[in-house]
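The structure under discussion appears below in the form of C-alpha cells.
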Amino acid sequence: MTSFLQYCVNFVSYLRLMTVADLIDIVILSFLIYKCIGIFQRTNAAKVARALLLIVIALWISYHFNLNAINFLLNKAVELGLLALVVIFQPEIRRFLERIGSNNVYSVSRLFRDELPVSEVEETINETVEAYAEMSKNRVGALMVFERETNLSNIISSGTPFQSTVTSELLKNIFYPNAPLHDGAVVVRKGKIVAAACMLPMSESMNLSKELGMRHRAGLGMSERSDAVVAIVSEETGAISAVVNGNLRRHLSPETLGRILRNELLSQEWVSPGKKHRTGLFRKGRGGQS
C-alpha cells in the first residue's frame, strides 16, 4: 500500500513538472501511434509487429542478464531492420503522406466554401441509387467517386471534364457498355459530376479476394489514398458495393447503398433556420463498414 501511495505521489509530481511543450509532444506522438496502428490494421503488419515485439523483449533480456554477444547481434539486427521496414512499408508510408498532402488547408478554407442544401445532396443520392439499381439488374459495370475532404484534382485531370448535375439517365448513358466514357470512374464534387472516365490508383493490398475485379481494386485503391466514398457495380455479377476508408462492403441492396451514401455525405448539423444546411460532402466520414 505504501509503495502504491509513493507511486501516486511521484506521478502527481511529474504532472506538475509538465509544460505546454510536453503536452504538445505527447499529442503529436499519440497521433503518430494512432496512424501507425491504422496502417497495421489494414495490412499484414500485425505479424511484423509481433516479430518486432519479440526482438525488443529479447533485447531487454540480453541486456538485463549481460548476454553481450546476443545483445550486440540484436542491436545490429534492429539497425538494419529499421531500414528494411521503410522498404517493406513503402506503399503504406506513401499513401499516408499523399493523404496528408491532399488535405492541405481544408480546415481553414472550409469556412469560405459554398455548402450545398441538403435537398441537392439528397437528389444526387436518389439519382445515383436509382441508376445503380437498374445497372445492377442489367449487369452494367459502374464506378463512382464522391469527393469529400481530400482534394481529387489529380484524379479529375486524368479523365474527361464534365459539368453536370447527377441524373439517373446520364449515369446509365455514361456507363452503357462500349460507350466512350464507359471505362474509368465518374467523380462527383459538390453534388456535380466534374469528370468521367477517370483513372484510379489500384489497391496494393495483398489480402484481396481473387473474385474482385479491376473496378473493386481501383475503388479500394482510391479509398486507401483518400476519404472519398466509392460506389461500384460489378459487370460480372451485377453486385453493388461501397468502399469507405479502405473498407469494402459487397452485395448491397440499392436501399443499403442509399443509407451508406446518406451516412457519409450528409451530416446531422443544421445552420440557422432559413439558411442552407451543412452537408458532409467535405467532411471526414464516420468510418467505413466492413
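Assorted remarks:
- Within the stretch 178-207, being open to solvent by 40 Å² or more (accessible area, probe 1.4 Å) and closer than 19 Å to residue 242 by Cβ holds for 189, 202, 207.
- Restricted to the stretch 140-177, and to residues there that are farther than 24 Å from residue 126 by Cβ and of a type in the set (Ser, Thr, Tyr), the residue that is most open to solvent (accessible area, probe 1.4 Å) is 157.
- Where strands (runs of 3 or more DSSP E) fall wholly inside the stretch 125-242, the ranges with 1 or more residues that are at pLDDT below 95 and closer than 22 Å to residue 263 by Cα are 160-165, 185-189, 192-198.
- Taking every residue in the stretch 56-83 that is free of Cβ contacts under 8 Å to residues at least 12 places away in the same chain and pairing it with any residue that is surrounded by 10 or more Cβ atoms within 10 Å (Cβ to Cβ) and small (Gly, Ala, Ser), at least 6 positions away or on another chain, the pairs with Cβ-Cβ distances below 9 Å are 68/62; 69/62; 72/62; 73/62.
- Residue under evaluation residue 62, criteria (1) out of contact with any helix residue (DSSP H, G or I) (no Cβ under 6 Å at 6 or more places or on another chain); (2) assigned to a helix (DSSP H, G or I); (3) modelled with pLDDT of 75 or more, criterion not met: (1)
The values are calculated or read from the model by the stated rules, or taken from the named source; none is laboratory data. What you are looking at is a predicted structure, and each value in this text was computed from that prediction instead of being measured. No Cβ is skipped: glycine too gets one built from the backbone with ideal geometry, and neighbour counts run over all protein chains shown. For the accessible areas, the whole protein counts, side chains as well, though only heavy atoms, and no ligand, DNA or RNA atoms are used. Shrake-Rupley method; radii C 1.70, N 1.55, O 1.52, S 1.80 Å.
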